[in-house]
Amino acid sequence: MTTGRVYLPTSLDRLIALRDERRIEGPLIAYAPSPALAAAVGGNPDEEELEYAAIQEAAVVTAALGDDVVAAIDVPSGELTQAIEQSGPGDSPAAVRFTGPILLRQVASLHRLDPPGERDADTDLDLSWYDVTELAALVADLAG
């Protein structure tokens, strides 16, 4: 099965649900390297550039919500295509809407935003990478 990667702003409550229930219920808005994002970036961006732009969109939303983590999720290509088609005209060009749920087995990695005092307002947000097997430790650290 072919998949596509999306980036989901993730609150502590969502991380706890992912740890305990092995799923995050929808509806959800994630951020993906969509054709609209490619048009917004301009030029001829490659897949890596589009994924970086999508995770940065998710990181900005995550920070604005006062949350700390972006989850990288692999979704079936057909589901991603449908989610892109359901995005509204006022949304970010990377925004995609899912009815959910997102299952733990779909999570490829977790990305924690650097603390606010370490962020430079004039640059992209830095994210620290976590393996999915570190989910419980990440939840404990965020809850502590």
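The values are calculated or read from the model by the stated rules, or taken from the named source; none is laboratory data. For clarity, every value in this text was computed on a predicted model and none was experimentally measured. Counting neighbours? That spans all protein chains shown, and the Cβs are built from the backbone with ideal geometry, glycine included.
Observations on the structure shown:
- The set of residues from the stretch 9-30 being over 19 Å from residue 55 (Cα atoms), part of a helix (DSSP H, G or I) and in contact with a helix residue (DSSP H, G or I) (Cβ under 8 Å, 6 or more places away or on another chain) comprises 16, 18, 19.
- Cβ-Cβ distances below 6 Å connect the following pairs, each with a first residue in the stretch 40-69 that is assigned to a helix (DSSP H, G or I), a second residue that is polar (S, T, N, Q), and a separation of six or more residues or different chains: 57/92.
- Whichever residue in the stretch 22-40 is within 12 Å of residue 92 (Cβ to Cβ) and more than 14 Å from the chain's Cα centre (by Cα) and, among such residues, is surrounded by the most Cβ atoms within 10 Å (Cβ to Cβ): 37
- If you check 40, 53, 32, 72 for being closer than 26 Å to residue 134 by Cα and in contact with a Pro (Cβ under 9 Å, 6 or more places away or on another chain), only one passes: 53.
- Restricting the stretch 1-21 to residues that are among the aliphatic types (A, V, I, L, M), touching a strand residue (DSSP E or B) at 6+ places or on another chain (Cβ under 7 Å) and surrounded by fewer than 20 Cβ atoms within 10 Å (Cβ to Cβ), the residue that is nearest to residue 127 (Cα to Cα): 17
- Qualifying residue in the stretch 74-86 (condition: modelled with pLDDT of 90 or more and in contact with a Leu (Cβ under 8 Å, 6 or more places away or on another chain)): no
- The stretch 53-65: number of residues that are exposed (fewer than 14 other Cβ atoms within 10 Å of the Cβ) and at pLDDT 95 or above: 0
- Every condition in (1) modelled with pLDDT of 95 or more; (2) surrounded by 15 or more Cβ atoms within 10 Å (Cβ to Cβ) holds for residue 137 except the one numbered (2).
- Applying the criterion of being more than 18 Å from residue 5 (Cβ to Cβ), part of a loop (DSSP other than H, G, I, E, B) and not β-branched (Val, Ile, Thr) to the residues of the stretch 97-121, the residue that is modelled with the highest pLDDT is 114.
- Scope the stretch 70-96; condition out of contact with any Lys or Arg (no Cβ under 9 Å at 6 or more places or on another chain) and in a strand (DSSP E or B); matching residues: 76, 95, 96
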